[in-house]
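The structure appears right after this line, and notes come after that.
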Amino acid sequence: MLTLLFGGLLAAPIAPHLVTRLQPQLLGVIVGGFLCITNARVLLKASGHNPMPVLAVLAIAWIGASFRVATRDTKLWDRLGTLLREIDQQIDSLRSDNVAGFDVIMATSSMKQ
């Protein structure tokens, strides 16, 4: 009983932040995967089987599904593209302004690669 109380005390301040910041689809995959893994572990133990291989496969599928849903957001990729274009523009402006040592720095960094 105390464990449930302690878990609720920990989860109560965290849950509103997660719910407001995560996409509903991603939140659904995370919660659904947690429920599936928890129930699969209990069912496999009750049947006398070793749950580890099945749990490993479920965990890999869960991580893959979470990654797929998280990266499916086109807004994220649009923001990343915008950020990369801004960085390219800043580099071009440094080159055109002929900032002292910029070409030497760029040449040195390309030699290290």
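We did not get these values from a lab; they are worked out from the coordinates using the rules stated. Computed from a prediction, not measured in an experiment: that's the story for all the values here. Methodologically, a virtual Cβ is constructed for each residue, glycine included, from the backbone with ideal geometry; neighbour enumeration extends over all protein chains shown.
Per-structure values
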{"item": "Inter-probe distance in nm under a simple model that places probes 7 Å from Cα toward Cβ, at residue 78 and residue 3", "result": "4.6 nm"}
{"item": "Average Cα contact separation per residue, segment 24-72, under 8 Å, 6 or more apart, as relative contact order %", "result": "53 percent"}
{"item": "FRET efficiency, 1/(1 + (r/R0)^6) with R0 22 Å, evaluated for residue 41 and residue 14 via beta carbons", "result": "0.45"}
{"item": "Order by protection proxy (mean Cβ within 10 Å, highest first), peptides 34-47, 12-25", "result": "34-47, 12-25"}
{"item": "Global form of segment 24-72, assessed from the alpha-carbon gyration tensor, a/c cut-off 1.5", "result": "oblate"}
